[in-house]
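Encoded as structure tokens, the structure appears first; notes follow it.
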């Protein structure tokens, strides 16, 4: 069974630029999550989708972050414009049943 | 919001030693999860606990769900080099209609040969 796929694995941009991350969840998993993991901390949930609808985006900085999950499968997370404090690993996870989440390898973002 | 406190923050142990780490919460959890994160990878679920007092093993790993439901422990016996990584505890919290995980800040484990 293929795991959660993410791309790119690494991205370096300058502040005020835009960036997008892509996630392909495990086939059949209805729930998809985007997390931000700052160095030395645990993952922090940004947004949760159930199929193609947003269940919770209360922690998403909506002035600069956006996410979509068209057709209820793949998802993209965008940051526009990026700030220095956005430097982090962005993790995508998916689940079939609550609590059992499978994570992708993450995208490491560096904002200069 | 709910916070999970993990200790210790980091550990350095000799190969073959046993190690113990714990996680405490300011509020009650009905499920405790333990994840491991290798460098450059996403977290991987190791053990899930669903009942107060439950003791569950996965190979050399053993985790316990505290009877107060506010803490959990993870033990690794006879450590080996591939045990190196960051260990996170996590618990589910409900936010509106969403059920989501809150993660601790992790315990960084280093195994010395």
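In a residue-by-residue description of region B:80-92, the property of being more than 21 Å from residue A:37 (Cβ to Cβ) and free of Cβ contacts under 8 Å to residues at least 60 places away in the same chain applies to at least one position.
Has region A:63-82 got any residue that is within 30 Å of residue B:5 (Cβ to Cβ) and touching a residue at least 60 places away in the same chain (Cβ under 8 Å)? The answer is yes, given that some residue of region A:63-82 is within 30 Å of residue B:5 (Cβ to Cβ) and touching a residue at least 60 places away in the same chain (Cβ under 8 Å).
Consider region A:38-55 and keep the residues that are under 22 Å from residue B:107 (Cα atoms) and within 8 Å of chain B (Cβ to nearest Cβ). The one that is surrounded by the fewest Cβ atoms within 10 Å (Cβ to Cβ) is A:40.
For every residue, the table says whether it meets (1) touching a strand residue (DSSP E or B) at 6+ places or on another chain (Cβ under 7 Å); (2) within 13 Å of another protein chain (Cβ to nearest Cβ).
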| site | (1), (2) |
| --- | --- |
| A:57 | yes, yes |
| A:61 | no, no |
| A:67 | yes, no |
| A:110 | yes, no |
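Within region A:83-99, restricting attention to residues that are modelled with pLDDT of 95 or more and within 10 Å of another protein chain (Cβ to nearest Cβ), the residue that is surrounded by the fewest Cβ atoms within 10 Å (Cβ to Cβ) is A:89.
Answer with yes or no whether residue B:85 is under 30 Å from residue A:57 (Cα atoms) and within 9 Å of another protein chain (Cβ to nearest Cβ). Taking the combined requirement at face value, the residue does not satisfy it. Note on region A:1-84: enclosed strands (runs of 3 or more DSSP E) holding 2 or more residues that are within 28 Å of residue B:87 (Cα to Cα) are A:5-7, A:10-13, A:19-24, A:31-37, A:44-50, A:53-56, A:75-79. Does residue B:33 satisfy the condition of being away from chain A (no Cβ under 14 Å), touching a residue at least 40 places away in the same chain (Cβ under 8 Å) and crowded, with 19+ Cβ neighbours inside 10 Å? In short, no.
Is it fair to say residue B:72 is under 12 Å from the mean Cα position of the chain (by Cα), surrounded by 15 or more Cβ atoms within 10 Å (Cβ to Cβ) and modelled with pLDDT under 95? When the stated conditions are applied, residue B:72 does not pass them. State all residues of region B:84-103 that are within 26 Å of residue B:16 (Cα to Cα) and either within 13 Å of the chain's Cα centre (by Cα) or at pLDDT below 95 (or both); if no residue qualifies, say none. B:85, B:86, B:87, B:88, B:89, listed by residue number.
The values are calculated or read from the model by the stated rules, or taken from the named source; none is laboratory data. All of these numbers come straight from a predicted model, not from anything done at the bench. Here Cβ is always computed from backbone atoms with ideal geometry, including for glycine, and neighbour counts include all displayed protein chains.
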